[in-house]
Amino acid sequence: MYSFVPPCMPFLAGDGEADRLTNRRARSSAAGAAILPASPSMAYAYPYVFRAQAPPVSVEDHKAKDAAPAPQVKEQWPAGGSRSASPRGAGTGWPDGLGSGSGESQRLASAYDLVETMHYLYVRVVKVRGLPASAVTGGCRPYVEVRVDNYRGATRHCEGKESPEWNLVFAFSRDRVQATVLEVFVRDRDALGRDDCVGRVAFDIAEAPVRVPPDSPLAPQWYRLEGSAGGRMVANGEVMLAVWVGTQADEAFPDAWHATAASVLGGDGGAAVHNTRSKVYVTPKLWYLRVGVLEAQDVVPPGACATPDKGRHAEVFAKVQVGGTVLRTRPCTTRGPTNLAWNEELVFAVAEPFEDPAVLIIEARVHPGKDEIVGRALLPLTIFEKRLDCRPVQSQWFSLEHFGRPAPAVFAGRVHLRACLEGAYHVMEEPTMYASDTRPTARQLWRPPIGVLEVGVLGAQGLTPMKTVDGRGMTDAYCVAKYGQKWVRTRTVVDSCSPRWNEQYTWEVYDPCTVLTLAVFDNCHLGSASAGNGALRDQRIGKVRIRLSTLEMDKTRTSAHPLVVLHPSGLRKNGELCLAVRLTCLTLGSVVRMYGQPLLPKAHYVQPLTVVQLDSLRRQAMSIVAARLSRAEPPLRREVVEYMLDADSLVWSIRRSKANFFRVTALLSGAASTVRWLADVCRWKNPATTVLVHVLFVTLMCFPELILPTMFLYMSTAGLWNYRRRPRRPPSMDAGLSCAEATHPDELDEELDTFPTSRPNAVVRLRYDRLRSVAGRIQTVVGDVATQGERIRSLLTWRDPRATALFTAFCLVAAAVLYVTPVRVVSLVVGLYVLRHPRFRGRMPSAAGNFFKRLPSQADTML
């Protein structure tokens, strides 16, 4: 009765029409859209349903249909789509051969085999044409509404356009949709009343074609819009659509408008939904800019002409500014009347593209606290040479220009620089201990990859509600992963404490001793609460670090990692993050060879940077990365980048100091246990053990060539014995090791304080006094260590003449005895003396210990 074109059949048109229907890949949409649950008032019934024609079937399918009875009820979504729903080897029931034994399924498994397969109904809205004009306004402000079940997605309306174009993709999850019909409406926006329905088209969801990557995108087609006029159906234009069923592996998935974001309301709904999308980010290419300020000529400091003595004694220094970073040299060391020399190097962190130039400023201190600019030069970074090794760089002269005052007739001078962009260094934007990449900046110096890292972000469970909306707690969680130069951000699952992402990402691995960092955040830029409030920050839920060297090669590990975060009120346990990780080794020899290579590129050891420079450059690089990623769309915000890069790792923390002290104690506990065991042997606490030690000691002294083989044999045996107790899963954040469970709230508040502090003066004074007491104890320990070292050095300095004479005589006698006595005999005698029976021991300290404690140190001369 009504003409209808199903989504799986081509539209028949003439040559001119075919030119307009040329298949093209849809672009990412720049227009916004809102996805809202359909209101009951708008869900009025339509008597006509236009069903799409089923795809052609083969002869084998006809035979199977003849043998099997026809079903009475058609299934709206083909069953068995998820990995957990159907066992391996069983058919899934999806059309077009998407069973587990088909080629499409094998390609899908090879690309997305770490996560559960999630099926979506995709609707691509391209454009409309031939729409009638409104009877009221005389024009048309159309927008397209896509409705499935109780969910609807709408594009933005276009003002004054009868043939607008959107190129938007809507995605409806199989788990949330129970409808059998997909409806697409084209409406005319009416600012005064209810929006008019221009026309509609409907599809049978069960007949939608299935697309599996790497198949090409489904070509959109024109569909005729049917509307009612005078009680009969008439054609009211056409809409270009593409409807298909796919998975999260579809390339349209990241930019699609998901039905799970239907509750994002208020403010700019389009911008809010943009913040829910999954994206991949890339760290900008970072360089070290090395500027050597050598000298300046023909520079006249202020007052040098009128008062030569004043100009000659003024402090003149050079200052270089790149972006927001300013470094300054020391006052010039050698100078003439108009010639100045510094010979200093300043190092900056910069990123491509080079947006900010380097500004060189020559300043003179005319009065204490007052500096006057003598001249400056603007230097674009593109003029500097890119150095890929440690060869010398050719210096250059640059002219100076006057700044801040009228230019005099005399020449402003020139400056001599040696500057270059260092491509042989690795620019650190994260702590070295958590480094995810150690490659140099220049791609020409990269080694080939040694493996592939695949990470499946399955989901989270038991998340704590992070905010309160309309009187109830909710969490809008998303996950961020960072390895190397690639950052990934999953989509935001709105209002769920057990989100399921099921997204899989891949990285190339160049060094196995690197760290993968993941963190979960609560998206605070959705809904009406975020409208016009730029001060909102995404809240931290927890972080996970996985060192790749702790993973087993070519094995998939699925585990749940606890999410813990520090809060001023104490430690918060916010649930678990479920991950599936697989590290694939390309060649085992290349992985083993990497363990013998230096951690950083060669330039770090040939021309090393100081520790102070590395700390300053890391802060610069981190600030650049945070600024660049915050300019993406959707932005990866500064608080997220700083948390991922551990920006607060250098901030003072009593909790972290205690944790490091306990780590050192645990490290030395093995040596302390050995000393206690040896003391028990010397005291004959267990006679059998002491006798066995005597026998072993005498044997090794008689055959000293067995000492090293015995030691290495013991360590290899211990390694083989511990293999059965090896860790089966990557380690997670340990709250006990971090001393975060029993920390005082005031100590946590001090750790989470801003820098500089924002707390009241009374609180700062209390914390300062506490820091003084802690530093006093550390000062005492450091002084005791220095005292013992100075006593050892004073043995030969004759500061105590009698002690030095006794020690010198003892050394002379020991040299004579050892010269005529074999070493094994001396070692045997000394060992038996140490292991002697307690009956031959005294309770007083030994003479050697008493002699050492009487030696002088420089503590006597300290104030």
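Laid out as a table, the results:
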{"quantity": "Residue that is farthest from VAL581 (Cα to Cα) [pool: residues in the range 464-479 that are surrounded by fewer than 24 Cβ atoms within 10 Å (Cβ to Cβ) and in contact (Cβ under 8 Å) with a residue 40 or more places away in the chain]", "calculated": "VAL469"}
{"quantity": "Residue match in the range 400-417 (condition: more than 32 Å from the chain's Cα centre (by Cα) and β-branched (Val, Ile, Thr))", "calculated": "yes"}
{"quantity": "Segments classed as helices (runs of 4 or more DSSP H), wholly inside the range 602-673, with at least 1 members that are exposed (fewer than 13 other Cβ atoms within 10 Å of the Cβ), touching a residue at least 40 places away in the same chain (Cβ under 8 Å) and out of contact with any helix residue (DSSP H, G or I) (no Cβ under 6 Å at 6 or more places or on another chain)", "calculated": "603-606"}
{"quantity": "So LEU708, is it in a helix (DSSP H, G or I) and either in contact with a Gly (Cβ under 9 Å, 6 or more places away or on another chain) or of a type in the set (Lys, Arg) (or both)", "calculated": "no"}
{"quantity": "Residue among SER857, SER794 that alone is surrounded by 10 or more Cβ atoms within 10 Å (Cβ to Cβ) and in contact with a Pro (Cβ under 8 Å, 6 or more places away or on another chain)", "calculated": "SER794"}
{"quantity": "Which listed residue is out of contact with any Lys or Arg (no Cβ under 7 Å at 6 or more places or on another chain), in contact (Cβ under 8 Å) with a residue 12 or more places away in the chain and among the small types (Gly, Ala, Ser), from GLY736, GLY783, GLY776, GLY789", "calculated": "GLY783"}
{"quantity": "Only listed residue being aliphatic (A, V, I, L, M), touching a residue at least 40 places away in the same chain (Cβ under 8 Å) and part of a loop (DSSP other than H, G, I, E, B), chosen from LEU579, LEU599, LEU563", "calculated": "LEU599"}
{"quantity": "Close pairs (7 angstrom Cβ cut-off, 6 or more residues apart or separate chains): of a type in the set (D, E, K, R) in the range 164-175, not in a strand (DSSP E or B) anywhere", "calculated": "ARG174/TRP77; ARG174/GLY81"}
{"quantity": "Sole exception among (1) touching a residue at least 60 places away in the same chain (Cβ under 8 Å); (2) surrounded by fewer than 14 Cβ atoms within 10 Å (Cβ to Cβ); (3) more than 22 Å from GLY736 (Cα to Cα) for ALA688, by number", "calculated": "(1)"}
{"quantity": "Lone unmet requirement of (1) without any contact (Cβ under 8 Å) to a residue 24 or more places away in the chain; (2) assigned to a strand (DSSP E or B); (3) of a type outside the set (A, V, I, L, M, F, W, C) for GLU508", "calculated": "(1)"}
{"quantity": "Failed criterion for ALA442 (all others in (1) surrounded by fewer than 19 Cβ atoms within 10 Å (Cβ to Cβ); (2) within 30 Å of LYS319 (Cβ to Cβ); (3) at pLDDT 90 or above hold)", "calculated": "(1)"}
{"quantity": "Selection status of LEU696, surrounded by 11 or more Cβ atoms within 10 Å (Cβ to Cβ), of a type outside the set (Ser, Thr, Tyr) and assigned to a helix (DSSP H, G or I)", "calculated": "yes"}
{"quantity": "Selected residue (only one of ARG777, ARG839, ARG799 is at pLDDT 85 or above and in a helix (DSSP H, G or I))", "calculated": "ARG777"}
{"quantity": "Checking PRO756 against (1) within 20 Å of THR665 (Cβ to Cβ); (2) under 28 Å from the mean Cα position of the chain (by Cα), the condition it does not meet", "calculated": "(1)"}
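Here's the yes/no breakdown for (1) in contact with a Gly (Cβ under 9 Å, 6 or more places away or on another chain); (2) within 29 Å of HIS274 (Cα to Cα):
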residue	(1), (2)
LEU571	no, no
VAL581	yes, yes
MET594	no, no
PRO598	no, no
LEU614	no, no
ALA621	no, yes
ALA632	no, yes
VAL640	no, yes
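Here's the yes/no breakdown for (1) over 30 Å from VAL544 (Cα atoms); (2) in the same structural domain as GLY542 (by TED's automatic domain parsing); (3) not basic (Lys, Arg):
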residue	(1), (2), (3)
LYS658	no, no, no
VAL664	no, no, yes
HIS694	yes, no, yes
CYS702	yes, no, yes
LEU708	yes, no, yes
ALA718	yes, no, yes
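The values are calculated or read from the model by the stated rules, or taken from the named source; none is laboratory data. Values in this document were obtained by computation on a predicted structure and should not be read as measured data. Heads up, the Cβs are rebuilt from the backbone with ideal geometry, glycines too, and the neighbour counts pull from every protein chain shown.
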